[in-house]
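In what follows, a structure is listed as structure tokens, so that the remarks can point back to it.
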Amino acid sequence: MTTNPSSATNAPVPPPGCPAHAPARDPHTTAGLVALSDITASPDPQAIYRRLRQQWGPVAPVELEPGVRAWLVMGYRELLDLTRTEYLFSRDARNWGDFQTGVVPPDSGLGPMMFWRANVIGADGMEHRRLRRPLDDGVAWIDQRTMRRAVERICTDLIAAFASRGSADLIAEYAQAIPLLAIADLFGLHGAEGHELLAALAALFGSGDDSQAGNRHFEEILADIRDERARTPADDMTTFFLDHADLTGGDEIMQSMVVMISAGQETTTIWIAKTIEKMLTDPRFASRLRGGRLGITDALDEVLWSDPPMTHMPARYAMADTELGGQTIRRGDALILGLAAANDDPRIHNGDPHARLGNRAHLAWSAGPHACPARDPARVIAHTAVQTVLERLPGIQLAADSAELTARPSPWTRCPTTLPVTFPPAPHS
């Protein structure tokens, strides 16, 4: 679930001895291609993936924004090849030909998620391993029992705020607040700072006109808490990163905070929201969950298979002309990880959801050296959030037609805009 918020002020440059290729294309070559944001906005993305597979095979051209092409990797095996072959498919966006040749402008809304920056996501090889160690060590530093108790309190308090009303929006009033409060607390962020961080992240993941401003504000908030902890250390993740031997300087410390918070907040929010949404809109899923035939852990894993929090993951960049999934990939081409599509690859999935129970071979966490490092704390947060809803909101029902539910605009994720529910009001305490 790792993501790559980035700043457009760090203009990508090709590494020494590795000039970018200049693709012989113009903006009109994207005519007729499916826009990646149209897939995430669709009520049935898998239908689009099926059409793309039929036309192109497991790797298909798509449009990132007007005039900007990329390859969407939808095959399970092809995605594993892509993520495990660093020397050929780099995470370093300085190798992106379309940026270097001006097809993608520096102010593009794609920037915060795709442009290069000196953090763990933008590095390969030994540099990546060095920058990854603080994240792995930081996850290991978290006491999961303490986190579970803290998340239980957060969930209980959030529900108490609307329980007597008999209605709520489980996105704005619940799902997006839980990881925000849990993760912000880990880093020493509290109150208004946390809510400002949430608004900045929403803009960043949207890859729209406000994504650059959202990214800048996101960095400003984290730089402030980093500088405060440099003056006054505390028992929190910010201080942990400040003290980590593998991080050299304030920018690397802040970039580690950026990756940990951005990945944990947005994706865990979506995981919680999608599990609750599926429970309320899919009678088969709901009856199995409430009837005890499907545990919460299995329910969470089924969502990771069917509708992973990162629908599409940016990106890898081809280091040489090559072939993948029957397509000719040119040096500098961008390749997008179609995590939701790969999970539904007919070559590895027969369409029977029962066959996936207990099976964690999904690619929701990505794969290879850049696979998500924080899956365990994310599972603690999501499991606790779903369990608390089941326990404290008996009789909960969706307060809208399921066909009316929409996703926030983004080429990368399918976070529900709202999730209105009703339930028997709890008596005032």
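The values are calculated or read from the model by the stated rules, or taken from the named source; none is laboratory data. Given the structure is predicted, the values throughout are model-derived calculations rather than measurements. Quick reminder, even Gly has a Cβ in these numbers, built from the backbone with ideal geometry, and neighbours come from all protein chains shown.
Side notes on the structure shown:
- Residues located in segment 406-429, provided they are more than 26 Å from the chain's Cα centre (by Cα) and modelled with pLDDT of 90 or more: Thr422, Phe423, Pro424, Pro425
- Exclusive hit being under 20 Å from Ile270 (Cα atoms), hydrophobic (A, V, I, L, M, F, W, C) and more than 20 Å from the chain's Cα centre (by Cα), set Leu197, Leu158, Leu189, Leu170: Leu158
- Among the residues listed as Thr311, Thr388, the single one being in contact with an Asp or Glu (Cβ under 8 Å, 6 or more places away or on another chain), modelled with pLDDT of 95 or more and among the polar types (S, T, N, Q): Thr388
- Members of segment 67-115 found to be surrounded by 20 or more Cβ atoms within 10 Å (Cβ to Cβ) and among the hydroxyl-bearing types (Ser, Thr, Tyr), listed by number: Tyr76, Thr83, Ser90, Ser108
- Of residues in segment 70-119 being part of a loop (DSSP other than H, G, I, E, B) and under 17 Å from Thr328 (Cα atoms), the one nearest to the chain's Cα centre (by Cα): Met74
- Scan of segment 290-308 for residues that are at pLDDT below 95 and part of a loop (DSSP other than H, G, I, E, B), ordered by number: Gly291, Gly292, Arg293, Leu294, Gly295, Asp307
- Among residues of segment 29-47, those that are in contact with a helix residue (DSSP H, G or I) (Cβ under 7 Å, 6 or more places away or on another chain) and buried (at least 17 other Cβ atoms within 10 Å of the Cβ), counted: 3
- Checked against (1) within 26 Å of Asn119 (Cα to Cα); (2) modelled with pLDDT under 95, Ala24 passes all but condition (1).
- Residue within segment 259-268 that is in a loop (DSSP other than H, G, I, E, B) and over 16 Å from Ala182 (Cβ atoms) present: no
- Matching helices (runs of 4 or more DSSP H) fully within segment 123-233 where at least 1 residues are of a type in the set (D, E, K, R) and modelled with pLDDT of 80 or more: 125-141, 144-162, 177-187, 211-231
- Filtered residues of segment 227-253 (kept if hydroxyl-bearing (Ser, Thr, Tyr) and either closer than 17 Å to Asn119 by Cα or surrounded by 13 or more Cβ atoms within 10 Å (Cβ to Cβ) (or both)): Thr238, Thr239, Thr248
- Criterion violated by Ala403 - all others in (1) modelled with pLDDT under 90; (2) closer than 28 Å to Arg130 by Cβ; (3) part of a helix (DSSP H, G or I) satisfied: (2)
- Within segment 35-69, considering residues that are under 19 Å from the mean Cα position of the chain (by Cα) and of a type in the set (Gly, Ala, Ser), the one nearest to Trp412 (Cα to Cα): Ser37
- Residue in segment 278-289 that is crowded, with 18+ Cβ neighbours inside 10 Å, β-branched (Val, Ile, Thr) and part of a helix (DSSP H, G or I) present: no
- Segment 137-184, subset in contact (Cβ under 8 Å) with a residue 40 or more places away in the chain and of a type in the set (D, E, K, R), residue nearest to Gly395 (Cα to Cα): Arg165
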